[in-house]
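Shown next, in structure tokens, is the structure this report addresses.
Here, each number is a calculation from the coordinates, and none is a lab measurement. The structure displayed is predicted, hence computed values, not measured ones. Note: ideal-geometry Cβ built from the backbone for every residue, glycine included; neighbour counts use all protein chains shown.
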Amino acid sequence: MRKSKLFPNEGGPVILELELDESILQLSMTESHDFQFERGHGIEQLLVKWPTIAKRIRVLVQDAR
């Protein structure tokens, strides 16, 4: 939500839902159990699979404040 305020012309905040192979997730898991895709940590594998991964976009409603 905060990042969407920095880029107001990009359509607003969304959640991108993906289903990934466990092997790719394990490569990208950080010590705090978040997922961060970087070189050598799953980004290469993610990019190979990207065209075939089912994706769902959930649009978030922004607070008008």
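When only Cα pairs below 8 angstrom with a gap of at least 6 residues are kept, the chain shows a relative contact order of 44 percent.
Projecting the Cα atoms of ILE53, LEU27, VAL14 onto the dipole axis of the range 2-59, where Lys and Arg carry +1 and Asp and Glu carry -1 at the beta carbon, places VAL14 farthest toward the positive end.
About the centre of its Cα atoms, the range 2-59 shows a dipole size close to 400 debye [charges on the beta carbon of Lys, Arg (+1) and Asp, Glu (-1) only; nearest 20 debye]. Here the convex hull built on the C-alpha positions of the range 2-59 has a volume of 118 cubic angstrom per residue. Applying a DSSP loop filter and a limit of 10 other Cβ atoms within 10 Å to the GluC sites (Glu not before Pro) in the chain leaves GLU19, GLU31.
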